[in-house]
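Throughout, read-outs are computed from the coordinates displayed, never taken from laboratory work. Just so it is clear, the structure is predicted and the values come from calculations on it, not from any experiment. Cβ placement follows ideal geometry from the backbone for every residue including glycine, while neighbour counts extend to all protein chains displayed.
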Amino acid sequence: MSKAVKTAVGHIGADQPTLPAARRLPSSLRTQITAVIALMAFLPNLVITVVASPSLPILPLAVWMGLVALLSGMIAWLLSGLLLRPLIRLRAEVEQADFGAPWPDDPTEIVALRGAFSGLLGRLGTEQARRNAFMATLVHDLKTPLIATGHLVHSLTHFDLSADEKAEISDHLLTENRRLLSLVSQMADAHRFERDDVRLDPQATDLRSLLVRVAGRLEQAAAERYLRLMVVGAGQAVVDAAVLERAVTNLTDNALRYAHSEVVLAVVPQGLEVRDDGPGLEGDLDELAQPFNSQPALIAGQHYTAGTAGLGLFIARRIAEAHGGGLYYFRDPPQPPERPSARSVFLLHLSEVEMESLSPPSASAPERSPS
């Protein structure tokens, strides 16, 4: 059993309330069962003895009944131990946080209880691991932009800089501030979406306009990486535009990190696609799309610290599921000569999309982009 699970079990024991003395049970369960079995064995013997030998002297009767009571108690104690042995064994395993396979003499109820405890400890271990990953994220990813901001502020206050240099440093400060705000917002969203349902306000929405808004906000980031950001296709769907926009923004931001030359946002009959010509995921989407993963992820040949790699993917998946769909990933093979390399495709599947035809562009006009 992992250290995280043992720590969680320790927390359970530490968090148990102490009952007032007047409300505590007078004895253990084994003592109570022993008393019940002993009485069931002793009382019939007492009745039979008194009825069968009413003239028996008091002293011999008392001695005899004392021996019967002692024998009944000993047998009851042994029987209660046999009956409670699976429960006592389970208690020891719970205290040690070390569960094995069910024992052959475990009754059905103990097997069910063992399974319930195993599931509980597994969930507690997962929560503990995610809590640790969450703290690792705070320490690592928040510290980096804060250190950079500190250096930039030090340069502004301790060096004689020209107006252009001050403007450049100010731009860097704004960039680091945006990084901080984006990370904090993603962490807050992931924490909320992990525990609560995504609340929607669905309305008929122009999906192309939604993609154009996303592309417009990220156009500068694409230009800084010398990437082309395009929007293709058109359609309508009943969705929560603000929430769905957040999912597309997360996927597009990820795509811009890894793309070689272009990122395409597309309206398709199945929903919305985010395509890029980067190297693609090197792991399973279900494993990567976790809010606070305890293991570093390998994406595009780079290791990302615990807790950061799956935030955007997890949020996008939860939003897609709230709309009755899901998040899917696949590699689209190359189609030379138009597209010589393969590309990654993230599909935000929506239940119903009504496709629309775009007006034919002029001979000199390219496919619409948010420039």
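When each of Tyr328, Tyr258, Tyr226 is scored by the number of other beta-carbon atoms lying within 10 Å, the sequence from fewest to most is Tyr226, Tyr328, Tyr258.
Mean projection of the Cα convex hull over all viewing directions, computed for the stretch 51-115: 6.9 nm². Here the stretch 109-263 is treated as a sphere whose radius is the Kirkwood value from Cα pairs; by Stokes-Einstein at 25 °C and 0.890 mPa s it diffuses with a coefficient of 125 µm²/s. Charged neighbours of Trp77, selected by a Cβ distance under 15 Å, balance to +2 (K, R count +1; D, E count -1). When the convex hull of its Cα atoms is viewed from all sides, the stretch 142-195 shows a mean projected area of 3.7 nm².
Rounded to the nearest Hz, the phi-derived 3J(HN,Hα) couplings of the stretch 226-242 under the Karplus curve 6.51 cos²θ - 1.76 cosθ + 1.60 (θ = phi - 60°) are 6, 10, 8, 10, 10, 10, 10, x, 8, x, 10, 7, 8, 9, 8, 4, 5, where x marks glycine and proline. Note on Trp77, Trp103: ascending count of other Cβ atoms within 10 Å places them as Trp103, Trp77, the fewest first.
Annotation: peptides 155-162, 317-324, ranked by per-residue average of other Cβ atoms within 10 Å with the highest first, follow the order 317-324, 155-162. Distances between placed amide hydrogens fall under 5 Å for Ala234 paired with Val267, Glu356, all partners being 5 or more residues away or on another chain. The Cβ shell under 12 Å around Pro102 holds other residues with a net charge of -2, Lys and Arg each +1, Asp and Glu each -1.
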